[in-house]
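These notes are about the structure you will find just below.
The values are calculated or read from the model by the stated rules, or taken from the named source; none is laboratory data. Source: prediction; values computed, not measured. As a convention, Cβ positions derive from the backbone with ideal geometry for all residues, glycine included, and neighbour counts pool all protein chains shown. Heads up: the accessible areas ignore ligands, DNA and RNA and are worked out on the full protein's heavy atoms, side chains in. Shrake-Rupley method; radii C 1.70, N 1.55, O 1.52, S 1.80 Å.
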Amino acid sequence: MTDTNSMPAGGIMAIPGQIDPVPVPRTAVVDGVTPRADGRIDLMGLPRKRIAELFEQAGLDAKAAKLRAKQVFHWLYHRGVTRFEAMTDIAKTMRPWLEDRFVIGRPDIVEAQHSTDGTRKWLLRTADGHDFEMVFIPDADRGTLCVSSQVGCTLNCRFCHTGTMRLVRNLTVGEIVGQVMLARDALGEWPKAGGNMAGLDEDEDEGSYSADGRLLTNIVMMGMGEPLYNFDNVRDALKIVMDGDGLALSKRRITLSTSGVVPKMALCGEEIGVNLAVSLHAVTKDVRDEIVPINKKYGIEELLQACADYPGASNARRITFEYVMLKDKNDSDADARELVRLLRHYNLPAKVNLIPFNPWPGAPYECSTPERIRAFSNIVFEAGISAPVRTPRGRDIDAACGQLKTAAEKKSRAELERLYAEKEAELGSYRLGCPVTFLRTNRH
Ligand code: SF4
């Protein structure tokens, strides 16, 4: 791992992402269970089968353990209860027995922010004291939760603020699922006991909810970290999220965003089956090597071939290509035409998200001009490929992504605000949004 904060100005950035597999500090997780000081076991993040095993180990016979695990799984993930005493179909005498041996955890909330446009942002803390972030972005027809998979990141994408933080560790299954649980808690979106999910018809198929009446409708694995470098935990967490008796979100409403970990992409399609987004950001080797350094290991051609082979990709389920607009770096007409050529060459069912760069103090790039972004978008669009320019959200929320995370960076808040004001004035009608939207705009 490299501490890029100590990198000499103008120096060459080290590329930990070049090392594969990436060395990741381990948590003391044993068979999905993180030891607690009080000796009780946190069930958050565990599947039915593991819960049943633990109940059996605690003294229930196999049949009872299986039944109780099924009930507890439902209460845990589908109803969102955090106390066993609320599990009304479990015998009253059984509930204290469970309470003595098990807990239902959530990540701690260090800070919660709420924008006037509805965007919400949380700084969360793991039980061992590491901070990470989560953002909820409501739109007219959907509510998207941006979920983190790691604390920090190994990959050092040069446009990304998280890339300047060292990787601390992978998040556990419980910490990943816990983000979704916490968001549902905050949105007040759990069904009442004996009732049904707000806005959900009784006969609606679980796992295929529509947006109607639901606040949290979509999940993007696009927060801190590279999800495919924490594949097993991300997969196991999303399986609980997709389980009809768990959080019951359709795989069509979940998108995993990768910087291009090619060897894991097919596995992601096969074992998780969610939508794919790719941090492309450049169409030539030199530029992508610079801004998404994992490109030195898995080049553009290899990456696009893996996209073409992605299980389940079709015109109905297009692959999203994220493209951050960096002034004089990747934003020329020639770049746009090359992007079109590549997408056509690999016959990719694609949409392109153009992301105005959100600078932070010390960022090595500037945002492209509004005119350049428009021209780039037009070229891609005229080739028949959707290429919307994203509008950042939550601009009034206090502090930026990453600014929440480190006290040292909090000190540069005033400078960040000044840069933001300058850039917004320069871009005129192209609102940059608060730098808080690094999470949404400057990441993969
Ligand atoms: S864009 Fe994603 S993979 Fe790249 S440094 Fe940022 S968090 Fe890591």
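Yes/no per residue for (1) touching a strand residue (DSSP E or B) at 6+ places or on another chain (Cβ under 9 Å); (2) among the charged types (D, E, K, R):
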position: GLY59; (1), (2): no, no
position: ALA64; (1), (2): no, no
position: VAL72; (1), (2): yes, no
position: PRO96; (1), (2): no, no
position: PRO107; (1), (2): yes, no
position: ASP117; (1), (2): yes, yes
position: ALA127; (1), (2): yes, no
position: HIS130; (1), (2): yes, no
position: GLU133; (1), (2): yes, yes
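Taking LEU238, is it under 18 Å from ILE176 (Cα atoms) and away from the ligand (no atom under 14 Å from the Cβ)?
yes
Out of all the residues in region 158-182, which are in contact with a His (Cβ under 8 Å, 6 or more places away or on another chain) and open to solvent by 20 Å² or more (accessible area, probe 1.4 Å)?
Selection gives VAL168 alone.
Restricting attention to region 336-345, which residues are closer than 16 Å to GLU302 by Cβ and buried (at least 17 other Cβ atoms within 10 Å of the Cβ)?
Within region 336-345, LEU342, LEU343 qualify.
Name every residue in region 288-311 that is assigned to a loop (DSSP other than H, G, I, E, B), open to solvent by 50 Å² or more (accessible area, probe 1.4 Å) and either within 18 Å of VAL352 (Cβ to Cβ) or away from the ligand (no atom under 14 Å from the Cβ) (or both), in order of residue number.
ASP309
Might you check whether a residue that is assigned by TED's automatic domain parsing to the domain that holds ASN295, within 16 Å of the ligand (Cβ to nearest atom) and touching a residue at least 60 places away in the same chain (Cβ under 8 Å) occurs anywhere in region 137-146?
Yes, region 137-146 has at least one match.
Going through GLY246, GLY225 one at a time, which residue ends up being modelled with pLDDT under 95, over 26 Å from VAL324 (Cα atoms) and crowded, with 20+ Cβ neighbours inside 10 Å?
Only one candidate qualifies: GLY246.
Report yes if some residue within region 73-85 is within 16 Å of the ligand (Cβ to nearest atom) and outside any loop (DSSP other than H, G, I, E, B); otherwise report no.
no
Yes or no: region 366-387 includes at least one residue that is assigned by TED's automatic domain parsing to the domain that holds VAL220, closer than 22 Å to LEU276 by Cβ and open to solvent by less than 10 Å² (accessible area, probe 1.4 Å).
yes
Those residues that are outside any loop (DSSP other than H, G, I, E, B) and among the charged types (D, E, K, R), I need them from region 108-151; list them, please.
Answer for region 108-151, where residues must be outside any loop (DSSP other than H, G, I, E, B) and among the charged types (D, E, K, R): ASP108, GLU111, ARG120, LYS121, ARG125, ASP131, GLU133.
Restricting to region 115-129, give me the number of residues that are within 17 Å of the chain's Cα centre (by Cα), closer than 22 Å to MET165 by Cα and either open to solvent by 10 Å² or more (accessible area, probe 1.4 Å) or among the hydrophobic types (A, V, I, L, M, F, W, C) (or both).
Matching residues across region 115-129 total 4.
Of all residues in region 243-270, which are under 20 Å from ASN170 (Cβ atoms) and not in a strand (DSSP E or B)?
SER259, GLY260, VAL261, VAL262, PRO263, LYS264, MET265, LEU267, CYS268
Taking only pairs six or more apart or across chains, which ones have beta-carbon atoms under 6 Å, a first residue in region 328-357 that is under 27 Å from SER314 (Cα atoms), and a second residue that is of a type in the set (Ser, Thr, Tyr) and assigned to a helix (DSSP H, G or I)?
LEU354/SER377; ILE355/THR441
Return the residues of region 33-69 that are farther than 18 Å from GLY174 by Cα, in contact with a helix residue (DSSP H, G or I) (Cβ under 7 Å, 6 or more places away or on another chain), surrounded by fewer than 19 Cβ atoms within 10 Å (Cβ to Cβ) and of a type in the set (D, E, K, R); say none if nothing qualifies.
GLU56, LYS66
Among the numbered criteria (1) more than 30 Å from GLU189 (Cβ to Cβ); (2) away from the ligand (no atom under 16 Å from the Cβ); (3) among the polar types (S, T, N, Q), which one does SER259 miss?
(2)
May I ask you to verify whether ALA112 is small (Gly, Ala, Ser) and buried (at least 19 other Cβ atoms within 10 Å of the Cβ)?
no
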